[in-house]
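Q: The structure follows.
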Amino acid sequence: MFAEERPSLLPLPLEPFRYYQYGERTVHLDGCVEVDAAYYGAPPGWIGRRVRVQWDSHRVRLLHPATGELLREHLRQARGGRRMKDEDRPKQTPPSTVHLLLRAGRAGKNIAAICHGMYDREGEACLRRIFGMLSLAKRFGAARVDDASEAILEMGLCDYHQVRRFLERQPKFPLTLRQVDPLIRQLTLYREVIERKTKEND
């Protein structure tokens, strides 16, 4: 029987049948959805909308929620990775991003410098980290995060993760003691007081 069927058989496929996982995701402000801590770009016009997502160990597919039409297919990325087609990248800064950068500016001068530095370097890919900077300002207080941002900038660095690690390793009192401050007198005045008191005691 096998000999009779053999001429009609086709060769086995080169790769096994794909078993996808399924879910729904909201397209974030940076134009991406998140799957296992990696980020995959959706077509323009989908920010804030829900899409269906299929993924396996090799590919991630974004599907129209109503029709099932394939919107985008990407190669699977490692955690923290990002994949977006060049034609999906915005040609100018979206209004939502401008508003986000303005919020960073109101939080503090150095916070804004970190956020603008990340955006100038990476574009929309850094929006989640800008949100992270604003979350740090809520968690630790804007003044403290601004001080930490200043310290990071002075080291020649410019990233959310560095600011967060700096804050988490510091005690809860102010990070820097500035010499120029209305509440801090010149050190020479303290020295003169100490010398005078020492002479009086002698």
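The values are calculated or read from the model by the stated rules, or taken from the named source; none is laboratory data. This structure is a prediction, so every number in the text was calculated from the model and none was measured. Using ideal geometry, Cβ is built from the backbone for each residue, glycine included, and neighbour counts are taken over all protein chains shown. We work out accessible area using only protein heavy atoms, side chains counted, and drop any ligands, DNA or RNA first. Shrake-Rupley method; radii C 1.70, N 1.55, O 1.52, S 1.80 Å.
Q: For the chain, what does -39500 (n - 2.57) per DSSP helix run (n ≥ 4), summed and divided by total residues, give at 222 nm, in deg cm²/dmol to the nearest 500? Intermediate results must be reported in sequence, preceding the final value.
A: Values: 7 runs with 82 residues, N = 202.
That comes out to -12500 deg cm²/dmol.
Q: Right, something else. For region 70-79, just list the computed ³J(HN,Hα) in residue order, Karplus coefficients 6.51, -1.76 and 1.60, θ = phi - 60°, integers in Hz, with x standing in for Gly and Pro.
A: Computed from phi, the couplings for region 70-79 are 6, 8, 8, 10, 10, 5, 5, 10, 5, 3 Hz.
Q: Could you tell me what percent of the DSSP beta bridges with both partners in the chain are antiparallel, to the nearest 5? Before the final figure, lay out each step's value.
A: Values: 19 of 21 bridges.
Antiparallel bridges make up about 90 percent of those DSSP assigns within the chain.
Q: Calculate the all-directions average of the projected area of region 14-80's alpha-carbon convex hull, and give it in nm². If you can, show how the numbers build up before the last one.
A: Values: hull surface 19.1 nm².
Mean shadow area of the hull around the Cα atoms is 4.8 nm².
Q: Heavy atoms only, 1.4 Å probe, whole protein assembly: order Cys158, Cys32 by accessible area, highest first.
A: Details: Cys158 30, Cys32 0 Å².
Sorted descending by solvent-accessible area, the residues read Cys158, Cys32.
Q: Excluding residues fewer than 8 places away in the same chain, name every one of the aspartates and glutamates whose C-alpha is closer than 20 Å to that of Lys138.
A: Asp146, Asp147, Glu150, Asp159, Glu168
Q: So, one more: Report ³J(HN,Hα) in whole Hz for each residue of region 12-25, in order, from the Karplus equation J = 6.51 cos²θ - 1.76 cosθ + 1.60 where θ = phi - 60°; Gly and Pro get x.
A: With coefficients 6.51, -1.76 and 1.60, one gets 5, x, 5, 10, x, 4, 7, 10, 8, 8, 10, x, 10, 9 Hz.
Q: Calculate the spin-label point distance for Ile194 paired with Arg121, positioning each point 7 Å from the Cα along the beta-carbon direction, and give it in nanometres.
A: 4.0 nm
Q: I've got another one for you. Mean separation of Cα pairs under 8 Å and 6+ residues apart, divided by the residue count of the chain: what relative contact order is that in percent? Don't skip to the answer; put the middle values down first.
A: Working: 229 pairs, mean separation 25.8, N = 202.
Result for the chain is 13 percent.
Q: Report, by chain and number, residues whose modeled amide H sits under 5 Å from the one on Arg72, excluding near sequence neighbours (fewer than 5 apart, same chain).
A: Those qualifying (amide H under 5 Å, at least 5 residues apart or on another chain) are Leu62.
Q: Expressed in nm to one decimal, what extension gain is obtained for the pair Arg139 and Ala37 from 0.36 nm per residue of sequence separation less their Cα-Cα distance?
A: Working: separation 102, 0.36 × 102 = 36.72 nm, distance 2.24 nm.
Gain on stretching Arg139 to Ala37: 34.5 nm.
Q: Which ³J(HN,Hα) values, rounded to whole Hz and listed in residue order, are derived for region 154-164 from phi using the Karplus coefficients 6.51, -1.76 and 1.60 in 6.51 cos²θ - 1.76 cosθ + 1.60 with θ = phi - 60°, glycine and proline given as x?
A: 5, 7, x, 10, 6, 7, 4, 4, 5, 5, 4
Q: Something else about it: Check which residues have an amide H placed less than 5 Å from Ala38's amide H, if you skip close sequence neighbours.
A: Gly80
Q: Any idea how far apart Arg18 and Ala3 come out in nm if each label point goes 7 Å out from Cα toward Cβ?
A: The two pseudo-label positions are separated by 4.1 nm.
Q: Grab the other residues whose beta carbon is less than 9 angstrom from that of Leu167, score K and R as +1, D and E as -1, and report the net. Write down the numbers at each step before the final one.
A: Values: positive: Arg139, Arg144, Arg164, Arg165, Arg169; negative: Glu168.
Around Leu167, the surrounding residues sum to +4.
Q: Provide, as a two-decimal number, the C-alpha radius of gyration of the chain over 2.2 N^0.38 Å, N being how many residues it has.
A: Numbers: Rg = 27.5 Å, N = 202, 2.2 N^0.38 = 16.5 Å.
Dividing the Cα radius of gyration by 2.2 N^0.38 Å gives 1.66.
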